[in-house]
1. Quote the relative contact order of the chain in percent (integer), defining contacts as alpha-carbon pairs under 8 Å separated by 6+ residues.
2. Over segment 274-419, what relative contact order in percent results from Cα pairs under 8 Å that are six or more residues apart?
3. Run the reach check for LYS232 against aspartates and glutamates, Cα to Cα strictly under 18 Å, same-chain hits fewer than 8 apart removed. What comes back?
4. Calculated FRET efficiency, ASN3 and ALA391, Cβ-Cβ r, R0 45 Å, to nearest 0.05?
5. Calculated from the structure, semi-axes √(5λ) of the Cα gyration tensor in Å equals which of (i) 42, 26, 19; (ii) 28, 27, 25; (iii) 40, 31, 21?
6. Springs between alpha-carbon atoms under 10 Å, Gaussian network over the chain: tell me which of ASN304, ASN203, ASN388 tops the mean-square fluctuations.
7. Tell me which DSSP H helices of the chain clear both cut-offs, 30 Å or more of axial length from alpha-carbon atoms and a mean Kyte-Doolittle hydropathy of at least -1.0.
8. Check cross-link reach from LYS92 to the lysines: straight Cα distance under 23 Å, and skip same-chain residues fewer than eight apart.
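Please treat every number below as a calculation from the coordinates, not as lab data. Here the structure is a predicted model, which means the values were calculated and not measured. Methodologically, a virtual Cβ is constructed for each residue, glycine included, from the backbone with ideal geometry; neighbour enumeration extends over all protein chains shown.
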Amino acid sequence: MKNIKVTINGTGFAADYTARTYGMIPHKNGVRIELAGVTSGQMDNARRFAESHGVASAFDSHAEMLHAVRPNIDNVACANFTHGQYTMEAAKSGVDVIVLEKPPVVWPGYAAGRTADAATRKYESMEYLAQVLDAVRNGGSKLLYAEDFVYFDGMKGLTELLIEAQKIGKGRILYQRGVCAHQGSHAPAYDTPSKSGGGALFNKACHPLGPCLYLKQAEGLLRDDRPIRPLKVSALALQVLKHQPAASGEHFRVMQNVDDFGRVTVVFEDHTVAEVVGHDLSISGIRNEVSVITDFAQYDMRVNPNSENELFMPDGSAAGNLLLREKLPTATGTSFPRPNQFHAHGYVNEMNDAVDCVLDADRVPQSGALMAWDTMAVLMAAYESSENDGAFVDLSEFINGREFHPGELPNPRRFGTVFQRSA
């Protein structure tokens with residue numbers, strides 16, 4: 001029996017789905033997954049979380065938990081401003097796989113009470129992320145950057161199609177677009193830049209950005225053994241609701257300090273394009289969508305809402321406290337429920353990748369250090385672009401400035417399969 005010990009940092013929304021997801025991972029003979037520890041900024045929260053999720057022990061601090069448990073997988077699912085510190089602590093402790101929730105890090109100047117323009121924040125954030133990734137590399141750990149959109153079943157299917165299309169000289173991704181939106185984050189710290197790192201651009205547009213980056217990585221690796229990387233970025237980050245009458249904010253969380261709308265255009269090295277949007281203006285709940293146009297097909301992933309299931313309720317109170325899909329404000333009327341939402345949103349595939357990376361020393365996370373680096377470069381350059389009215393910002397310095405070893409690159413051929421074959 002192989003016992004895999006899992007620890008979780010945080011007790012909020014991300015920590016909740018993380019704990020639940022490990023119980024949904026596909027069965028593996030001879031493997032036991034143990035939720036061995038949880039820590040939080042408040043010990044009472046950690047104890048309550050441990051009791052409600054069947055976690056063996058609650059701890060006062062991350063360092064104490066690492067020392068006591070010696071986990072195989074450490075999930076950094078806590079406030080954004082702690083991501084860098086906890087990742088480095090886990091790497092120095094020799095954790096096999098570190099699952100790092102988005103964003104990778106936040107600008108370190110916030111902790112010092114500084115202010116700076118977007119270009120300065122970009123450079124300093126990338127320097128900090130380089131230190132974090134160096135610690136992971138030096139510690140011999142694997143980083144799984146937990147971008148759940150990368151792990152949609154649809155993404156696995158499209159990767160399968162890419163592999164087949166390249167056999168006949170096709171398989172080039174030409175244009176991608178995606179959206180992630182709802183009425184405002186669950187997290188109390190979201191509207192505080194020093195804790196969240198940014199608003200809708202940083203914390204929502206990052207989601208559809210992930211699959212767009214991954215598919216270009218996969219395309220290049222499958223055909224030429226090198227990923228296709230982002231070249232330049234144009235973006236806008238705006239505060240929409242803050243400047244409207246109070247009545248307009250009735251159904252939303254109105255942000256005072258961070259952007260509630262972000263649009264990012266990415267031009268890749270091969271002159272192809274991706275456009276992603278993140279916003280807090282979706283009055284009807286979560287929206288998770290990605291559309292990909294290739295030289296052989298168009299592939300649309302309408303993850304949420306999805307019309308596979310349709311429900312009409314004249315009185316939503318009959319549903320009790322059931323959440324039919326994430327952030328749906330009311331069950332009254334017509335809705336499109338999302339059963340097994342954790343799987344649909346990629347969380348099960350994501351954590352299953354972490355477990356597989358523990359079991360197989362040669363396996364690399366599909367969303368790993370390269371994804372974390374390129375995502376951070378795009379997002380920080382996007383804020384610089386927005387500060388300059390959407391002018392393009394070149395990414396060459398960061399794309400060329402850090403080398404990723406073969407053991408840090410994804411292997412699309414090992415992503416997994418979702419389609420049957422006719423013969």
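1. Working: 911 pairs, mean separation 77.4, N = 423.
For the chain, the relative contact order is 18 percent.
2. Reported relative contact order: 16 percent.
3. GLU269, ASP270, GLU275, ASP374, GLU384, GLU387, ASP389, ASP394, GLU397
4. The calculated FRET efficiency here is 0.25.
5. (ii)
6. Looking only at ASN304, ASN203, ASN388, the largest GNM fluctuation is found for ASN388.
7. 118-139
8. LYS5, LYS102, LYS142
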